[in-house]
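The values are calculated or read from the model by the stated rules, or taken from the named source; none is laboratory data. Since this is a predicted model, take the numbers as computed values, not measurements. All Cβ positions, even for glycine, are placed from backbone atoms using ideal geometry, and neighbour counts span all protein chains on display. These accessible areas exclude ligands, DNA and RNA; they are computed on the full protein's heavy atoms, side chains included. Shrake-Rupley method; radii C 1.70, N 1.55, O 1.52, S 1.80 Å.
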Amino acid sequence: MDETYPFTSLPVLETARMRLEPLGPAHFDDVWTALHEPETLRLTGTHETFSEDRIRAWLRDLPGTPHRADWAIVEAHTEEYLGEVVLNDLDAHNSKMGFRIALAGPAAFGRGYGTEAARAVVDHGFDRIGLHRIELEVYAFNRRARRSYEKVGFVEEGRMRDALLWEGEWADAILMSVLSSDPRPR
């Protein structure tokens, strides 16, 4: 694994339909809107309410944050903000990172954007950063995301029972990972 990877100056990643650009202050309006999208909050299990100042400070400080990589997902032709995709919690000793993605709302759901962005970031993690393992948690009720992750090569490893309480109902979290030695479906 390349321990000198420059997390503080991320490259732009391009796919057939999208541009993944370093997430930062220029994305405040879109991030702020997404943080008020009820379905996105449910799918990510986000209970917290954020202040504008906190989000502005977080976006301002992101570009200088070591051990994580945050990209805004932008539709290439329309420049529409579609969400964010992240590699976080670098464990350099074990060549692994966590993965998360949050699409900005129902207009971005079901169109393959999440799969395309995840594939680009997983490829980047293995081919450029030199990771061996990328792992995530997804709530059991989010079948669309689970199918998307499987298309990228993630496999289910386990289950955390009753990991999320949402509107009075408990939901399990599914643990998934992909290894650099696993086949990468296309």
Mind checking which residues of the range 35-62 are open to solvent by less than 40 Å² (accessible area, probe 1.4 Å) and either part of a helix (DSSP H, G or I) or farther than 19 Å from Arg100 by Cβ (or both)?
Thr40, Leu41, Leu43, Ile55, Ala57, Leu59, Leu62
Across (1) on the phi < 0 side of the Ramachandran plot; (2) surrounded by 18 or more Cβ atoms within 10 Å (Cβ to Cβ); (3) free of Cβ contacts under 8 Å to residues at least 40 places away in the same chain; (4) out of contact with any Phe, Trp or Tyr (no Cβ under 7 Å at 6 or more places or on another chain), Arg161 clears everything bar (2)
Could you list, in sequence order, all residues of the range 147-158 that are under 25 Å from Asn94 (Cα atoms) and surrounded by 17 or more Cβ atoms within 10 Å (Cβ to Cβ)?
Tyr149, Val152, Gly153, Phe154
List the residue pairs whose Cβ atoms are under 7 Å apart, where the first residue sits in the range 21-40 and is in contact (Cβ under 8 Å) with a residue 24 or more places away in the chain, the second is of a type in the set (S, T, N, Q) and surrounded by 18 or more Cβ atoms within 10 Å (Cβ to Cβ), and the two are 6 or more positions apart or on different chains.
Ala34/Thr40
Is one or more of the residues making up the range 125-134 assigned to a loop (DSSP other than H, G, I, E, B) and under 29 Å from Tyr81 (Cβ atoms)?
yes
Among the candidates Ser95, Ser9, which residue alone is of a type in the set (S, T, N, Q) and in contact with a Pro (Cβ under 8 Å, 6 or more places away or on another chain)?
Ser9
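Within the range 64-87, track down each residue that is open to solvent by 60 Å² or more (accessible area, probe 1.4 Å) and in contact with a Leu (Cβ under 9 Å, 6 or more places away or on another chain). Talk me through it step by step, then tell me what you get.
Taking the range 64-87 first, the residues open to solvent by 60 Å² or more (accessible area, probe 1.4 Å) are 66-67, 77-80.
Matches in the range 64-87: Pro66, His67.
Each row is one residue, and each column tells you yes or no for (1) in a helix (DSSP H, G or I); (2) more than 14 Å from the chain's Cα centre (by Cα); (3) modelled with pLDDT of 95 or more; (4) under 18 Å from Gly45 (Cβ atoms).
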{"site": "Val138", "(1), (2), (3), (4)": "no, no, yes, yes"}
{"site": "Arg147", "(1), (2), (3), (4)": "yes, yes, yes, no"}
{"site": "Gly158", "(1), (2), (3), (4)": "no, yes, yes, yes"}
{"site": "Asp162", "(1), (2), (3), (4)": "no, yes, yes, yes"}
{"site": "Leu165", "(1), (2), (3), (4)": "no, yes, yes, yes"}
{"site": "Asp182", "(1), (2), (3), (4)": "no, yes, yes, no"}
Which members of the range 63-95 meet the condition of being among the hydrophobic types (A, V, I, L, M, F, W, C) and assigned to a helix (DSSP H, G or I)?
Ala92
Given the criterion at pLDDT 95 or above, of a type outside the set (Gly, Ala, Ser) and surrounded by fewer than 16 Cβ atoms within 10 Å (Cβ to Cβ), identify the matching residue among Arg133, Arg143.
Arg143
Residue set Gly98, Gly125, Gly112, Gly105; condition at pLDDT below 95 and either within 13 Å of the chain's Cα centre (by Cα) or closer than 24 Å to Tyr139 by Cα (or both); output residue Gly105
